[in-house]
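We did not get these values from a lab; they are worked out from the coordinates using the rules stated. Since the model is a prediction, treat every value here as computed from it, not as a measurement. Cβ: placed from backbone, ideal geometry, glycine included. Neighbour counts: every protein chain shown.
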Amino acid sequence: MENVIKIQDRFWIIDEGGVRSFLFEGTKNAMLIDTGFGSLPIKNITEELTDKEVFLVNTHTDKDHTGCNKDFKTIYMHPSEMEHYKNALPKGCSMKNVLPLWEKDVIDLGYWKFEVILTPGHTPGSIMLLERDKRMLISGDTVQDGDIFMFGAGRNIDAFMRSIEKIISMSDMFDTIWPSHGSCPIEKDIVPDILCGAKDLLAGKLEEQEPPWQMPCKKYVCDAAGFLYDGDIQ
Ligand SMILES: [Zn+2]
């Protein structure tokens, strides 16, 4: 399977090109994190990789993460994300299958144990998942070295910066960061650099560029990442 990268026992990346999902197999069950744009048969892929029952966790509900949500019976997300999800419900999906995951909830698969960290800003209910023993952080779109979408409904740059500060305060708890876009894995030194970049963005210190596709925003690049942003700049 050319889109599947085995990172270690019980841990795979499913790479759609442009966005990736993560599959963790525990001793009890297995967790898929996000489902991509929907061009890959992710449910079938997970069934080939593990015989454990797979449940789905959405780091957030932008379209590039929910493409195959319809194939999963149980879909967890933070409650702050549910309105965003409901308003543009992916085809074939129902709110009946959606269950809440709250800040500090622990997802114990056996072998893997992830803690939910609420990191609003990119979307209202964006979460990260922290594996304290394995010292890994699954960061969604909030910490990455690609373009961070910060334009359109539900984005909030101030909340984003608070979330980055929160992750900086937790940085003694993890070594590697596994984002949905850009390079993967990335080192944790990127986190303070993203905060500096966001501050520079708001201070008007980053050069305004045209976005990579036709989008109602401008692109601003700092040393760590890009921001696709349409908000106020001082
Ligand atoms: Zn994304």
* For the range 128-143 and the range 156-234, distance of Cα centres in Å -> 16 Å
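So for the range 1-84: antiparallel DSSP bridges make up what percent, rounded to the nearest 5? Walk me through the numbers on the way to the answer.
Working: 13 of 19 bridges.
Here the antiparallel bridges make up roughly 70 percent for the range 1-84.
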* Structure-based [θ]222 nm, the chain - -39500 (n - 2.57) summed over DSSP H runs of at least 4, per residue, nearest 500 -> -5500 deg cm²/dmol
* Structure fact -> Full extension between Glu48 and Met82 adds, at 0.36 nm per residue less the Cα distance, a length in nm of 9.3 nm
* Structure fact -> Whole-number value, in Å³ per residue, for the convex hull of the alpha carbons of the range 151-226 is 107 Å³
* Asked: Which whole-number percentage describes the relative contact order of the range 4-188, with Cα contacts under 8 Å and a sequence gap of 6 or more?
  -> 15 percent
* Structure fact -> Length gained, Glu187-Glu208, 0.36 nm per residue minus C-alpha separation, equals 4.9 nm
* Order of Tyr111, Tyr229 - criterion: other Cβ atoms within 10 Å of each residue's Cβ, fewest first -> Tyr111, Tyr229
* Most to least packed among 33-40, 91-98 [average Cβ atoms within 10 Å] -> 33-40, 91-98
* Between exposed GluC sites (Glu not before Pro) in the chain, where DSSP calls loop and at most 16 other Cβ atoms lie within 10 Å, what's the longest gap? -> 104-206
* Asked: Rounded to the nearest 5, what is the percent of antiparallel bridges among the DSSP beta bridges in the range 4-188?
  -> 65 percent
* Tell me the trypsin sites (Lys or Arg not before Pro) within the range 186-225 that lie in a loop according to DSSP and have at most 15 other beta-carbon atoms within 10 Å. => Lys205
* **q = 0.11 Å⁻¹: log10 I(q)/I(0) that the Debye formula gives for the chain, counting C-alpha atoms only** => -0.52
* Fewest Cβ neighbours within 10 Å first, please rank Trp178, Trp102, Trp213 accordingly. => Trp213, Trp102, Trp178
